[in-house]
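The values are calculated or read from the model by the stated rules, or taken from the named source; none is laboratory data. Computed from a predicted model, the values in this text were never measured in an experiment. Reconstructed Cβ throughout: ideal geometry from the backbone, glycine too, with neighbour counts over all protein chains shown.
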Ligand code: B12
């Protein structure tokens, strides 16, 4: 499904597809994920650690974040998914309240990935020392490092990185 949706993005880029096709593809992806979820092996208990996930403010792309959430749950993590287009304040309030082991942020647009930097800076200013993990098609390892976060390219890598962060 992922190569197919990436191809949709390419066709949209080339102006062969437009927003309706993009939306129809996203709907198909959501339905397919909902179909798969009950068939995936579930961890018996969510005791490996607590992870907050959110797509940053201004960004409504959540398919990738939802895949990361699904994988983390299957590997035994307690996931608090704040959803998409989430404001800095909501993320920080949740961090204070839930005291997670890791906060995962997703952004799919160059215009919204800059919000990750603000969230981390605000968190540090408020004394939140929690590790941040960032991801999303436009995010790179170099960008993550520059804002003081870890990076994972997909859900499988996210599981590995979070395991390391919690062990350290
Ligand atoms: C589907 C889609 C949509 C859907 C989103 C539906 C939804 N519920 O998510 C809809 C149709 C709503 C949409 C809207 C728009 N979109 Co759009 N969209 C896409 C598309 C085709 C696919 C994104 C996707 O789901 N990929 C599949 C998932 C599985 O991949 P992923 O998100 O990258 O996630 C993986 C990894 O990145 C990682 N990951 C993701 N999040 C996280 C988080 C953490 C913590 C970690 C560790 C890892 C991680 O793991 C995931 C699993 O492997 C992309 C093209 C592309 N190639 O990315 C454009 C794209 C992202 N969209 C784009 C644009 C411009 C828009 C619109 C502005 C269009 C418009 N004119 O209105 C709006 C944005 C509105 C907004 N404010 O957010 C551009 C962004 C350009 C840029 N570089 O900034 C892209 C790149 C298309 C393009 N080529 O121009 N879009």
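Brief remarks on what is shown
- Selection within the stretch 1-17: residues that are without any contact (Cβ under 8 Å) to a residue 24 or more places away in the chain and not in a helix (DSSP H, G or I). The member of this set that is nearest to residue 64 (Cα to Cα) is 17.
- Residue match in the stretch 50-61 (condition: in contact with a helix residue (DSSP H, G or I) (Cβ under 8 Å, 6 or more places away or on another chain), within 20 Å of residue 164 (Cβ to Cβ) and surrounded by fewer than 19 Cβ atoms within 10 Å (Cβ to Cβ)): yes
- Flag for residue 29 being outside the structural domain of residue 155 (by TED's automatic domain parsing), within 9 Å of the ligand (Cβ to nearest atom), assigned to a helix (DSSP H, G or I) and closer than 16 Å to residue 70 by Cβ: yes
- Residues (more than 17 Å from residue 109 (Cβ to Cβ) and either crowded, with 20+ Cβ neighbours inside 10 Å or touching a strand residue (DSSP E or B) at 6+ places or on another chain (Cβ under 9 Å) (or both)) located in the stretch 130-148: 130, 131, 132, 133, 141, 142, 145, 148
- Looking across the stretch 1-17, the residues that are more than 6 Å from the ligand (Cβ to nearest atom) and touching a helix residue (DSSP H, G or I) at 6+ places or on another chain (Cβ under 7 Å) come down to 1, 17.
- Look at (1) crowded, with 18+ Cβ neighbours inside 10 Å; (2) more than 9 Å from the ligand (Cβ to nearest atom); (3) part of a loop (DSSP other than H, G, I, E, B) and you find that residue 44 fails only one, number (1).
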